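Asker: Please read through the structure below; I'll follow up with questions.
The values are calculated or read from the model by the stated rules, or taken from the named source; none is laboratory data. Keep in mind it's a predicted model, so treat the numbers as computed, not measured. Glycine also receives a Cβ, built like all others from the backbone with ideal geometry; neighbour counts cover every protein chain displayed. With ligands, DNA and RNA removed, areas are computed over all heavy atoms of the protein, side chains included. Shrake-Rupley method; radii C 1.70, N 1.55, O 1.52, S 1.80 Å.
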Amino acid sequence: MTAHTPKGLDDLPVEEPRWVGRRVRRREDAALLTGRTEFIDDLVLPGMLHCAILRSPFPHARITSVDTTAAAALPGVTAVVTGVDAQAWCNPTRTAPDGWGTFCLATDKVHYVGEPVAAVAATSRYLAEDAIELIEVDYEPLDAVADPFAAMQPGSDLVHEDKGTNVMLQRVFNWGDVDAAIGDALHVFTESFRWNRVGANPTETFGCVCEWDPMSLDLTVHGSIQSPSSFALGRASELGIASNKVNVKSHPHGGSFGGKGGARGATITCLLSRKAGGRPVKWTEDRTEYLTGGGSQAWDRHYEATLAVDADGRATALAVTLVDDLGATGEGFGAISAAKPLAAFTGPYTIPVARYDLTLVATNKLPASPFRGMGPPPHFFVLEQMMDIAARGLGIDPAEFRRRNFIQPEQFPYTIPSGNEYDSGSYEEVLDTALDLAGYEDLRKRQAEARADGRLVGVGVASAVEPGVFDWSAYAIVGMPQTGVPEGATVNIDIMGNVTVRVGFSMEGQGQYTLVSQLVADWFAVEMDAVRVVALDTQSAPPSFGPGGSRLGVAITGAVLGACERLTARMAAVAAGLLRADAGDVELHDGRFRVRGKPGAEMTVAQIAGTMLARSDLLPPDIDPRPEATYVWTAPDRTAADEEGRAKSYLTAAQAVHVVMVEIDAETGFVEILEYALADDCGTRLNPVVVEGQTEGSVAQGIGVALYEEYVYDSDAQPLTTTFMDYLLPTVNEVPPLQKGAVVTPSPFTPLGAKGCGEGAIHTTPAAVMCAVNDALAPLGVLAREVPAAPNRVWNLLRESKERS
């Protein structure tokens, strides 16, 4: 039975919502701030051992021998595993694209610096670390390939010899006659860009405690796991056991942003537990392991883009060529990030035709992983630079150029050339809100005065679309053809009228438990403190994906409201019998079941629940005496991808405009952000406090990737950024105060009209900052094509300008 979920706040069964849509403080914060939340590293189980992993110092080498004798003999060491154990007890990891995986421990050769070679379980982490230093591995170094263009050449050294190539995937997608549109255009602009590796870098790295049952071969995995159900299926597949023998218990964890995969380390820890006779084994990834061998790196991209524009200043075609360096394997599912741009390929603009020439390449670098935004942020960086290049070439103000190319409100729902459907928007209103907040005309005056004084000041305007509530069909082009991503919730009312909601994901910092409490409190007209949210393990929870793809706020709203609707129908039938009325005449309103047209004929939610649990003799014979219901929500009307990758994939399309002013130090190349204003439209804001927090955090990450963050490899594929001394992160000193505005166009497709907003401003911030940097450089005739715009790169551009003059 499909539940009817409310489309707007007015559809909730209360006179006026008290909680949903209001600025409600997160319920999770008290336990977090007082240190009472149990993170994975806090977990201690009886007899627990500790894992340390020996990793390859070479980017590419054959393993000629592994001697673990001394390590195994060290007092306190219980188990040692190598590639031999992995081959005996495991399957190669599943990948996207398919077939580009390895075993969890290297077997015949290593493919990147940091690849696990052996692991030890001992009575303490200190002993385990001592033990791995006793393992002797003989390597035969091989030539490594670090450049994806060199990797694609015939005769290149191969990361995987059995493949015969380093090209994982090469396809060209044409959506319309792009060549004709470019040929007919009055103006054609072409440029190349480079986006260097960046990553999530959560405060808490990945950790797990794995425990085999040696008799039944059941496996329990505790961990800081973003998507428990997917993680459980992955371990079952890799370890070759039935899916219902794996039970994943996700602990509260300090954010993931996609970069806390941990699959390889968890599988290794499982093997150690098996070899140790079923004793639990803990592994907590240290920071260097994360930076060099974890889920830390994403988006190693080389772009060429062409934008065609007609005589009226309207973009008529977009062609993007991407060479994406995925590293040594496809195990991190970084390929998804190359597929997701199809969900918003032409951004907020009415560009009618487009082409995507995509090549995924293997090199001897760490396998690429997901990261917040999952691919579109680099794409929008490229698109927005091209919009600015075109505007500058045509002598049109960049804000005006965007305005004349925006999708108009009456065009929604709007299908873009790559097939996805945008739900709603008022893009010009968002633009005007951002320009007004920034004082755009005044910024331009200040810029003119600064330029007259010889200062390098730039103003950037950028707009992007945030695809929200993903469907697997978005990733069909890299081998993930499913359709439908379920999210379930169970709502239960006890005999005292208190409510418990059971979900399949743990706390991750985005306030979803607060949102669940808001929804249920308004539906049944109870206090938020009367609602408890409980995370279940994968063998107990309703179907759930959890956080990811800017989906959980919308998805859990659908699941919770669907369960509330089902429970309401069950309780209304009970109320009808007790109040001697037809079930169709009974409605829930402000926490009471009442009979329409009969004032005073009513019972509270608590009274109905109490009757169901304590007076079953009063119930109609066909009523289950259990005040509980489960509902599993999936995004409606999603479609499978066609041969050109076109699909209705992401359900919502939030939109934002950012306005940034920067100044470049002409002596050092350092970029300082002077002003930052933004406006966005993410539909109904279910909790504005949480939305603002997501926005501020994603702006900070966006500034980091635009100006500071970069994973650097040398020409031999050796990583040069192995600590935070080398990998720069923005601090509060680099993130300016934000002026924030909101526009609301509710989604017609989602519960309560909300849109996905979890990935937020990172879609727009790097583009906006880089637009400002290039606006500052424009009088010098140079262009910053590479992210991040670190001082050395900008200084080289300044020197290039001086040499030209």
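Asker: Looking at 96, 88, which is the one that is on the phi < 0 side of the Ramachandran plot and part of a helix (DSSP H, G or I)? Break it down stepwise before answering.
Answerer: Values: 96 fails: part of a helix (DSSP H, G or I).
Sole residue among the options that is on the phi < 0 side of the Ramachandran plot and part of a helix (DSSP H, G or I): 88.
Asker: Give the residue that is nearest to residue 533 (Cα to Cα), with candidates limited to residues of the stretch 225-258 that are outside any loop (DSSP other than H, G, I, E, B) and polar (S, T, N, Q). Don't jump to the end; show me each part of the working.
Answerer: Pass one, the stretch 225-258, residues outside any loop (DSSP other than H, G, I, E, B): 228-239, 243-250.
Then keep just the ones that are polar (S, T, N, Q); that gives 229-230, 237, 243-244, 247, 250.
On the way: 229: 18, 230: 21, 237: 30, 243: 26, 244: 24, 247: 20, 250: 14 Å.
Among residues in the stretch 225-258 that are outside any loop (DSSP other than H, G, I, E, B) and polar (S, T, N, Q), the one nearest to residue 533 (Cα to Cα) is 250.
Asker: Given 663, 709, which one is touching a residue at least 40 places away in the same chain (Cβ under 8 Å), more than 20 Å from residue 747 (Cα to Cα) and either among the polar types (S, T, N, Q) or touching a helix residue (DSSP H, G or I) at 6+ places or on another chain (Cβ under 8 Å) (or both)? First the steps, then the outcome.
Answerer: On the way: 709 fails: either among the polar types (S, T, N, Q) or touching a helix residue (DSSP H, G or I) at 6+ places or on another chain (Cβ under 8 Å) (or both).
Result of the check over 663, 709: 663.
Asker: Residue under question is residue 529, and the condition is that it be closer than 24 Å to residue 32 by Cα and in a helix (DSSP H, G or I); does it hold?
Answerer: Values: closer than 24 Å to residue 32 by Cα: yes; in a helix (DSSP H, G or I): yes.
Spelling it out, residue 529 is indeed closer than 24 Å to residue 32 by Cα and in a helix (DSSP H, G or I).
Asker: Pairs only if they're at least six apart or on different chains, beta carbon under 8 angstrom, first in the stretch 531-542 and in the same structural domain as residue 502 (by TED's automatic domain parsing), second assigned to a loop (DSSP other than H, G, I, E, B) and polar (S, T, N, Q); list them, first residue then second.
Answerer: 531/498; 532/498; 535/506
Asker: Against the definition (in a loop (DSSP other than H, G, I, E, B) and not acidic (Asp, Glu)), how does residue 730 come out, yes or no? Show your work before the answer.
Answerer: Numbers: in a loop (DSSP other than H, G, I, E, B): yes; not acidic (Asp, Glu): yes.
Yes; evaluated as a whole, the condition is true for this residue.
Results for (1) within 27 Å of residue 474 (Cα to Cα); (2) open to solvent by less than 10 Å² (accessible area, probe 1.4 Å); (3) modelled with pLDDT of 95 or more, shown as yes or no for each residue.
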{"site": "658", "(1), (2), (3)": "yes, yes, yes"}
{"site": "675", "(1), (2), (3)": "no, no, yes"}
{"site": "678", "(1), (2), (3)": "no, yes, yes"}
{"site": "702", "(1), (2), (3)": "yes, yes, yes"}
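Asker: Working carefully through the options 709, 696, 692, 667, find the one that is open to solvent by 20 Å² or more (accessible area, probe 1.4 Å) and either assigned to a strand (DSSP E or B) or touching a strand residue (DSSP E or B) at 6+ places or on another chain (Cβ under 7 Å) (or both). Working first, answer last.
Answerer: On the way: 709 fails: open to solvent by 20 Å² or more (accessible area, probe 1.4 Å); 696 fails: either assigned to a strand (DSSP E or B) or touching a strand residue (DSSP E or B) at 6+ places or on another chain (Cβ under 7 Å) (or both); 667 fails: either assigned to a strand (DSSP E or B) or touching a strand residue (DSSP E or B) at 6+ places or on another chain (Cβ under 7 Å) (or both).
The unique qualifying residue is 692.
Asker: Let me ask another. Of all residues being more than 27 Å from residue 572 (Cα to Cα) and polar (S, T, N, Q) in the stretch 515-549, which is surrounded by the fewest Cβ atoms within 10 Å (Cβ to Cβ)? Just the residue, please.
Answerer: Within the stretch 515-549, the subset more than 27 Å from residue 572 (Cα to Cα) is 535-540, 544-549.
Then drop every residue that is not polar (S, T, N, Q), which leaves 538-540, 544.
Working: 538: 23, 539: 15, 540: 13, 544: 26.
Among residues in the stretch 515-549 that are more than 27 Å from residue 572 (Cα to Cα) and polar (S, T, N, Q), the one surrounded by the fewest Cβ atoms within 10 Å (Cβ to Cβ) is 540.
Asker: For the stretch 568-640, give me every one of the strands (runs of 3 or more DSSP E) that falls completely inside it and has 1 or more residues that are open to solvent by less than 60 Å² (accessible area, probe 1.4 Å) and free of Cβ contacts under 8 Å to residues at least 60 places away in the same chain. Full working, then the answer.
Answerer: Numbers: elements: 586-589, 592-595, 602-604, 628-633.
Where strands (runs of 3 or more DSSP E) fall fully within the stretch 568-640 and carry at least 1 residues being open to solvent by less than 60 Å² (accessible area, probe 1.4 Å) and free of Cβ contacts under 8 Å to residues at least 60 places away in the same chain, they are 586-589, 592-595, 602-604.
Asker: Which residue out of 151, 118, 144, 70 is more than 27 Å from residue 338 (Cα to Cα) and within 31 Å of the chain's Cα centre (by Cα)? Walk me through it before giving the result.
Answerer: Details: 151 fails: more than 27 Å from residue 338 (Cα to Cα); 144 fails: more than 27 Å from residue 338 (Cα to Cα); 70 fails: within 31 Å of the chain's Cα centre (by Cα).
None of the others qualify; the one that does is 118.
Table: residues versus (1) modelled with pLDDT of 95 or more; (2) open to solvent by 40 Å² or more (accessible area, probe 1.4 Å); (3) under 18 Å from the mean Cα position of the chain (by Cα); (4) within 30 Å of residue 676 (Cβ to Cβ).
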residue: 463; (1), (2), (3), (4): yes, no, no, yes
residue: 467; (1), (2), (3), (4): yes, no, yes, yes
residue: 479; (1), (2), (3), (4): no, yes, no, no
residue: 483; (1), (2), (3), (4): no, yes, no, no
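Asker: Let me ask something else about it. Would you point out which residue out of 737, 748 is over 24 Å from residue 550 (Cβ atoms) and either of a type in the set (D, E, K, R) or more than 22 Å from the chain's Cα centre (by Cα) (or both)?
Answerer: Values: 748 fails: over 24 Å from residue 550 (Cβ atoms).
737 is the lone residue from the list that is over 24 Å from residue 550 (Cβ atoms) and either of a type in the set (D, E, K, R) or more than 22 Å from the chain's Cα centre (by Cα) (or both).
Asker: Name the single residue, out of those in the stretch 664-716 being farther than 30 Å from residue 151 by Cβ and acidic (Asp, Glu), that is farthest from the chain's Cα centre (by Cα). Full working, then the answer.
Answerer: Within the stretch 664-716, the subset farther than 30 Å from residue 151 by Cβ is 664-700, 703.
Narrowing the set further to residues that are acidic (Asp, Glu) leaves 665, 667, 672, 675, 680-681, 692, 696.
On the way: 665: 34, 667: 38, 672: 28, 675: 27, 680: 19, 681: 19, 692: 17, 696: 16 Å.
Within the stretch 664-716, the match that is farthest from the chain's Cα centre (by Cα) is 667.
Asker: Still on this structure, please answer the following. Quick test of your reading of the structure: residue 259 fulfils all but one of (1) open to solvent by 10 Å² or more (accessible area, probe 1.4 Å); (2) among the small types (Gly, Ala, Ser); (3) under 30 Å from residue 192 (Cβ atoms); (4) touching a Ser or Thr at 6+ places or on another chain (Cβ under 6 Å). Name the failing condition by number.
Answerer: Residue 259 satisfies every listed condition except (1).
Asker: If you check residue 331 against the conditions, is it open to solvent by 10 Å² or more (accessible area, probe 1.4 Å) and without any contact (Cβ under 8 Å) to a residue 40 or more places away in the chain? Talk me through it step by step, then tell me what you get.
Answerer: Numbers: open to solvent by 10 Å² or more (accessible area, probe 1.4 Å): yes; without any contact (Cβ under 8 Å) to a residue 40 or more places away in the chain: no.
Considered against the rule, which asks whether it is open to solvent by 10 Å² or more (accessible area, probe 1.4 Å) and without any contact (Cβ under 8 Å) to a residue 40 or more places away in the chain, residue 331 comes out as no.
Asker: Within the stretch 380-389, restricting attention to residues that are out of contact with any helix residue (DSSP H, G or I) (no Cβ under 7 Å at 6 or more places or on another chain) and open to solvent by less than 10 Å² (accessible area, probe 1.4 Å), which residue is farthest from residue 315 (Cα to Cα)?
Answerer: Start the filter on the stretch 380-389 by keeping residues that are out of contact with any helix residue (DSSP H, G or I) (no Cβ under 7 Å at 6 or more places or on another chain), which leaves 382-383, 386, 389.
Still in the running and open to solvent by less than 10 Å² (accessible area, probe 1.4 Å): 382-383, 386.
Values: 382: 15, 383: 11, 386: 10 Å.
Filtering first and then ranking leaves 382.
Asker: Before we move on, is residue 804 among the basic types (Lys, Arg) and modelled with pLDDT of 95 or more? Full working, then the answer.
Answerer: Numbers: among the basic types (Lys, Arg): yes; modelled with pLDDT of 95 or more: no.
Against the criterion (among the basic types (Lys, Arg) and modelled with pLDDT of 95 or more), residue 804 does not qualify.
Asker: Next question. Contact list please: Cβ distance under 6 Å, first residue in the stretch 394-408 and closer than 12 Å to residue 314 by Cβ, second residue of a type in the set (Gly, Ala, Ser) and in a loop (DSSP other than H, G, I, E, B), pairs at least six apart or on different chains.
Answerer: So the pair list comes out as 394/313; 396/313; 404/313.
Asker: It is to be established whether one or more residues within the stretch 430-448 are open to solvent by less than 50 Å² (accessible area, probe 1.4 Å), within 30 Å of residue 640 (Cα to Cα), of a type in the set (Gly, Ala, Ser) and part of a loop (DSSP other than H, G, I, E, B).
Answerer: Taking every residue of the stretch 430-448 in turn, none turns out to be open to solvent by less than 50 Å² (accessible area, probe 1.4 Å), within 30 Å of residue 640 (Cα to Cα), of a type in the set (Gly, Ala, Ser) and part of a loop (DSSP other than H, G, I, E, B).
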